[in-house]
Amino acid sequence: MTKPLLSIKNLTIDYIGETADFRAVDDVSFDVAHGEVFGLAGESGCGKSTIAFAISRLHKPPALIRNGQILLEGRDVLGLDPRELRSFRWREVAMVFQSAMNSLNPVLRVEAQFYDVLRTHQGMNRSQARERTAEMLRLVDIPPDRMRDYPHQFSGGMRQRIVIAICLALNPKIVVMDEPTTALDVVVQREILQRINELRKTFGFSVLFITHDLGLMVQFCDRIGIMLAGKLVEQNSAGNIYTKPQHDYTRKLWASFPSLHGARLMEVAAS
Amino acid sequence: MGPLVRSLIRNRKAVVGLIIIALIVLIALAAPLLTEYNPASRVGRPHQPPSADHWLGTTRIGQDVFSRLIHGARTSLAVGFGAGLLITVLGTALGIIAGYRGGKTDEVISFFTNMVLVVPNLPLLLVLAAFIGQASPLVIAIILGFTSWAWGARVTRAETLSVKHKDFIKSAEMMGEPRWRIMTFEIFPNLISIVGINFIGSVIFAIITEATLEFLGLGDPKTVSWGMMLYNAQKASALSVGAWWDILTPCFALAILGIGLSLLNFAVDEIANPRLRTGNRLSRWTALIRSGEGRL
Amino acid sequence: MVFLLRRLGFYLAAFIAAATINFFLPRLMPGDPIEIMFSSAGAELSIENLAALKLTFGFVDGPLWQQYLTYLQSIFTGDLGRSIKYFPLPVTSVLGHALIWTVGLMGTATIVSFTLGTFLGILAAWRRGSIFDVVVSVGAIFATSVPAVVTSLIVLFFFGFTLGWFPTGYAADPALDPSFSLTYIGSLLYHGILPMLTLCTVLTGGFAVTMRNNMINLLGEDYIVMARAKGLSDSRVMLWYAARNALLPTVSSLAIAIGTVLGGSLVTEVVYNYPGLGNILYQAILARDYPVIQGQLLIMTVAMLVANFIVDVSYVLLDPRLRGA
C-alpha cells in the first residue's frame, strides 16, 4: 500500500470540565488514502466532529488534545507553529461545516469571502481573485455575476455550493465535510453529493465525510469508520460495512434504518 | 432555586457583591445603635475634619457626617429596592403579557415600551420632579417605578417569545389551563434569571437616579440621604473650601454600593448565559497545557 | 427606506408624547396651573407678557382639546415660551446656546468612549480569560456602577483640587473672548479634559461589556470557525468576521445608551460648571423656571431622536440584510 495522505494515530481529545474531564475522542487511529472518500459515522456526540476540528487544529479551550498524532503526507500537523498552521489551513485541508446557512459571513459579499482566501494564500490582487472566483462559481453552477451579492440573497443549497467552491479555490489535498448536507432537503442533498463526487474525480482530492446518516455514507464512501462514544469500533470498506457488519453497534445502526431505504441500498451495494 | 443559589455561592463576583450589600444593609439597620448623633441636628462646629468625636467630620451646618451616612444608607436602600421592585414587577408583567398574548395587545404594549425608551429618562424625571416640588424619597421611588420599566419589558418580552413555543407551554394550553396561570406558573419561572438581572439593574438605576435628582436640587431638604448629602455639600462648595470629607463620604458610599450590586448583576448574567463564564474550567485547561499534558 | 420612514413616523409620535406630558403636567397638579407655571416670576412679568406666555402654553379660554392644539401649535412653530429667570430671552435661545456645548461635550465623549470601549471589548473577548480580559471586565463593573455624579466629583477632587492639574470649572478661561484663536481653542481643550475624562470613564465600560458579550456569543458561529479554517490571519478573523458582526447588536444597544449619555452629561456639566444644558437646567430648577424645564424635555427628546435616527441609519448601512428590504 502507498503512503496514506492523512494519517490519524492514537488521537485522544478531552473536554476539560470544572472538576472532571469528558473524553470526546479515545485513542482513534485511521488513514485516508490519496483520492479516497473516507466516512466517519456515529450518533451525534460520538466525537466525529471533534476529530474533524482537530485536523485543522480549530479547537479552542476547553478542548485539549491529550495524545496522538495527525500526519498529512508525513507532516506532523500538531507540531506546526502558528504561521505554518495558517498557511497549512485551507491550502492542504479545506472544510465544509454543518450548517449551510451559517458558514458564510452575513455582512461580507461572496466575492470578499473568496478574495480573503486567495489573497492570504496566493497573494492575488482583486482582479485576479475575481477571475478565479468566477471560475470556481461556474464549477458549482452559480452565475459568476452574483459574486457581488451577500449570502442572504442565496438559497441554502446555493450557499452550501458556494462554500464548496471556496473550499476548492486553493486545490486542497483533502476536504473535510462535517455533516455537509444535514440542513438541506433530500433532493438538494443528493445534488450536492453528486457534484462533490464529480469534482473529486476532476481534481483528485480526498474527502473525509462525516455524518450520522449511514445510508448516505454507504453510497458515497470508499471506506467507513464507525464511532461509538469516542472510540472507533469498526473500520472497513463501504460494502463490507453494509453486507458484513462486524461490530454489534454497526448492526444496531443498520437495524434502525427503515427497510425501504435498506432495500435501495442493497442494490447500490450490489452494483 | 437550589441550583441558582449554589451557582451564586460558587461565583466569586457574586460572593463579594453579596458581602458588600449585606454589610451595607446591616449597617443601615443598626444605624441608631452605631451612633449617638441625630443625623439631622447640629451636633458640632461646622466643617470639622474627621476626629475621634466625629469619625467622618461635620457638615457645613455642624451635622455629623458619619451619622448622616449610615442613616442615609436606609434611604438609598429603601428607594433602590422599593423602586427596583416596582420597575421589575411592571416590566415583567408587561413583557410577559405582550410576549405571550401577541397580536393587538403586543402591538400596543410594544409601541408604548419603545416610546418610553426614546423619551430621555433623566430629563423626563426632572420635569416630573420639578412640578411635584420637593420630592420625598417615596415620591421619587414611585415616579422612578412608573417611568423606568420599559427596558425590562422589552427584554422580558423577547425572552417570553422564545419560551412560548416550548412543549410544556403547549401541553399546558391543551390541558386548558387559564392564561394567567400559564403566564404566572409556566412562563415566569423560566424567566427567573432575566427577571433577576432586571431587578438588580433597576435597583442600581434607582439608587443612582435618586441621588442624581437630589443632587440637582429636586429632593426634599429634610430628607437624610446620600443624594441630599451630595447636594448640601456641593451647595456649601465643600471641595473648594477643602472639606473633602463632606462630599467624598457619600461619593464613596454610592460607589461601593453600586459596585456591590453590579458584581452581583454580572454574576447572575454569567450564570444565566454559560457562554460568558470563564472561571475554573479555563484555569484548569491552562494549567494542563502548561504542564505539557496536552495541546491544541 | 420603508424601515427608516416608519422609524421617522414613530419618532414624531414620541415627540408628541413628550409634548403631551408637558401639556398635562401643570394641569394635573393640585392648584391653578397658571399660578404653578409662572408664579416664580413674581411681579416682574407685565400683563402683556404674561398673556403671551399663557397663549404659548395653551392657557386659552376654551375646552381642553383646544388648549392642547394651541400648545402643540406653538411647539411646532418653534415657540417654547420665554425663560422666567432670563426674561425676556426666549427658551429656544437660552437652550439653543447651551445645546451647542452639550452636544460638543457629549458627542465627543460618546465617539471616544464608543470607539475605545468597542476595541477593549473586542480584545477582551478575543483573549477570553486572560489578564487583559479580567482587567477590562472588572474595570467595566467598577466604572459603570458608579453614578456619574460621584465619578465627576471624585475626578474633580483629585485632578482639579488635590493635584491642581486642571481647571475646576467653566468651558474656557472666562477672561478670554471666544474666538478662533489658538489660545482660546487651547483653553477650551484644557477645560474640557476633566469633563471628558469623567464622561469617558462612565461610558467606556458599558460599551466594552456590551461588545465583549456580543463577541463571545458569536465566537461559536460557523462562519467564524470557517474563517479560522481558511487560514486567515487572527486580526482578519477578529475584526472582519467576529467584530464586524458583533457590532450590529452593539450599535442597536447604543440607541438605548444615549439616554444614559445624556443623563451623565447633564450631571457632569453641573459639577464642572460647564455652560451646557445641564447647567442651565440646574439653574432653572433652583429658580423653578418651568418654561425652561419643560423646554429642555422637548429639546432633549429631539436630541435623543436625532441620535436614534443616526443609529438607525448606521444600522441599515452596517447590515446588508436590511438594505434591500
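Which whole-number percent gives the relative contact order of chain B, counting Cα pairs below 8 Å spaced six or more residues apart?
Here the relative contact order equals 27 percent.
Under 10 Å, Cα contacts only: if you run a Gaussian network model on chain B, which one of B:149, B:244, B:285 comes out with the highest mean-square fluctuation?
B:285
With Cβ to Cβ distances under 15 Å as the rule, what net charge do the other residues near residue C:90 carry (K, R +1; D, E -1)?
So the surrounding residues net to 0.
State the volume of the convex hull built on the alpha-carbon positions of the protein assembly as shown, expressed per residue in Å³ and rounded to an integer.
Here the figure is 220 Å³ per residue.
Considering only A:164, A:115, A:125, whose Cα is most displaced toward the positive end of the charge dipole of chain A, charges sitting on Cβ of Lys, Arg (+1) and Asp, Glu (-1)?
A:125
Which percent of the accessible area of chain A is formed by carbon and sulfur heavy atoms (probe 1.4 angstrom)?
49 percent
Provide Rg over Rh for segment C:1-158; use the alpha carbon set for both Rg and the Kirkwood Rh (inverse mean inverse pair distance).
1.15
Can you compute log10 of I(q)/I(0) for segment B:195-296 with the Debye formula, treating each Cα as one identical point scatterer, at q = 0.15, 0.16, 0.24, 0.25 Å⁻¹?
Those come out to -0.73, -0.77, -1.16, -1.21, one per q.
Starting from the Cα gyration tensor of segment C:194-325, multiply each eigenvalue by 5, take the square root, and state the resulting semi-axes largest first in whole Å.
40, 17, 9
What is the average number of partner chain Cβ atoms found within 10 Å of a Cβ in B:108-118?
Across the residues of B:108-118, the mean count of other-chain Cβ atoms within 10 Å is 4.
Going by the alpha-carbon gyration tensor, a ≥ b ≥ c the square roots of its eigenvalues, is segment C:65-209 rounded (a/c under 1.5) or, if a/c is not under 1.5, prolate (a/b greater than b/c) versus oblate?
Verdict is oblate for segment C:65-209.
Tell me, what is the Rg over Rh of segment A:1-132, with Rh the Kirkwood radius over Cα pairs?
That ratio equals 1.01.
Count, for each residue of A:103-112, the Cβ atoms from other chains sitting within 10 Å of its Cβ, then give me the mean as a whole number.
What the average comes to for A:103-112 is 5.
List the residues whose amide H sits under 5 Å from the amide H of residue A:176, counting only those 5 or more places along or on another chain, with H placed 1.01 Å from N in the peptide plane.
A:94, A:95, A:96, A:208
Write down the Kirkwood hydrodynamic radius of segment B:3-291, to one decimal in angstroms, obtained as one divided by the mean of 1/r over all alpha carbon pairs.
Taking every pair of different Cα atoms in segment B:3-291, averaging 1/r and inverting gives 21.2 Å.
Once you order the gyration tensor axes a ≥ b ≥ c over the Cα atoms, which shape class does chain A get: rounded for a/c under 1.5, otherwise prolate or oblate by comparing a/b with b/c?
oblate
Assuming 1.002 mPa s and 20 °C, estimate D for segment A:53-187 with Stokes-Einstein, Rh taken as the Kirkwood radius over Cα pairs, in µm²/s.
Result for D is 135 µm²/s.
How far is helix A:156-168 tilted off the main Cα axis of chain A, in degrees rounded to 10, range 0 to 90?
80 degrees
Given the options C:223, C:315, C:274, state which has the largest fluctuation in a GNM of chain C using a 10 Å cut-off (strictly under) for Cα springs.
With Cα springs under 10 Å in chain C, the top fluctuation among C:223, C:315, C:274 is at C:223.
Roughly speaking, what is the centre-to-centre gap between segment A:203-217 and segment C:120-158 when only Cα atoms are used, to the nearest Å?
49 Å
Can you tell me the accessible area per residue over the protein assembly as shown, all protein chains present, probe 1.4 angstrom, in square angstrom?
43 Å²
Taking a probe of 1.4 Å and counting only protein heavy atoms, give the total accessible area buried between chains C and A in Å², rounded to the nearest 100.
So the buried area, both faces added, is about 2300 Å².
Above 19 Å lies some portion of the pair distances; for segment A:27-105, what is it as a whole percent of all C-alpha pairs?
Percentage above 19 Å: 44.
At a 1.4 Å probe radius, carbon and sulfur cover how many percent of the accessible area of chain C?
Result for chain C: 70 percent of the exposed heavy-atom area is carbon or sulfur.
Using the Karplus equation 6.51 cos²θ - 1.76 cosθ + 1.60 (θ = phi - 60°), what ³J(HN,Hα) coupling, rounded to whole Hz, does each residue of segment C:208-225 give in order, writing x for Gly and Pro?
Whole-Hz 3J(HN,Hα) from phi for segment C:208-225: 4, 5, 4, 5, 4, 5, 4, 4, 4, 5, 8, 4, x, 4, 4, 5, 6, 4.
Amide H neighbours of residue A:228 under 5 Å, counting only residues 5+ apart in sequence or on other chains, H built in-plane at 1.01 Å?
Residues meeting the criterion, in which the H sits 1.01 Å from N, are A:233.
Which whole-Hz couplings ³J(HN,Hα) result when phi for each residue of segment C:79-93 is put into the Karplus expression 6.51 cos²θ - 1.76 cosθ + 1.60, θ = phi - 60°, listed in order with x for Gly and Pro?
9, 9, x, 10, 5, 7, 5, 9, 3, x, 5, x, 3, 4, 7
Just going by the charge dipole of chain C, with Lys and Arg at +1 and Asp and Glu at -1 on Cβ, which of C:76, C:96, C:309 is farthest out on the positive end?
The residue sitting farthest along the positive end of the dipole is C:309.
In vacuo Debye scattering of segment B:158-199, one point per C-alpha: log10 I(q)/I(0) at q = 0.24, 0.33 Å⁻¹?
-0.79, -1.19
Residue by residue through segment C:256-270, which ³J(HN,Hα) values in whole Hz follow from phi under the Karplus form 6.51 cos²θ - 1.76 cosθ + 1.60 (θ = phi - 60°), with glycine and proline marked x?
Karplus values, whole Hz, x for Gly and Pro: 6, 5, 4, x, 5, 4, 4, x, x, 5, 4, 5, 4, 4, 5.
List the residues whose amide H sits under 5 Å from the amide H of residue A:149, counting only those 5 or more places along or on another chain, with H placed 1.01 Å from N in the peptide plane.
Those qualifying (amide H under 5 Å, at least 5 residues apart or on another chain) are A:110, A:111.
Along the charge dipole of the protein assembly as shown, pointing to its positive end and built from +1/-1 on Cβ of Lys, Arg, Asp and Glu, which listed residue (C:141, C:276, C:237) has its Cα farthest out?
C:237
Write down the Kirkwood hydrodynamic radius of segment A:101-171, to one decimal in angstroms, obtained as one divided by the mean of 1/r over all alpha carbon pairs.
Its Kirkwood hydrodynamic radius stands at 11.8 Å.
What is the spread of the Cα atoms of chain C along each of their three principal axes, largest first, in whole Å?
79, 54, 40
For a test of the definition: using alpha carbon positions, the gyration tensor, and the 1.5 limit on a/c, classify segment C:48-91 as rounded, prolate or oblate.
oblate
Cα-Cα over 23 Å: which of A:173/A:231; A:9/A:48; B:235/C:54; A:60/B:164; B:222/C:54; A:48/A:252?
A:173/A:231; B:235/C:54; A:60/B:164; B:222/C:54
The values are calculated or read from the model by the stated rules, or taken from the named source; none is laboratory data. Remember, predicted model here, so these are calculated numbers, not experimental data. A quick note on method: Cβ atoms are made from the backbone with ideal geometry, for glycine too, and the neighbour counts reach across all protein chains shown. Accessible surface areas use protein heavy atoms only, side chains included; no ligands, DNA or RNA. Shrake-Rupley method; radii C 1.70, N 1.55, O 1.52, S 1.80 Å.
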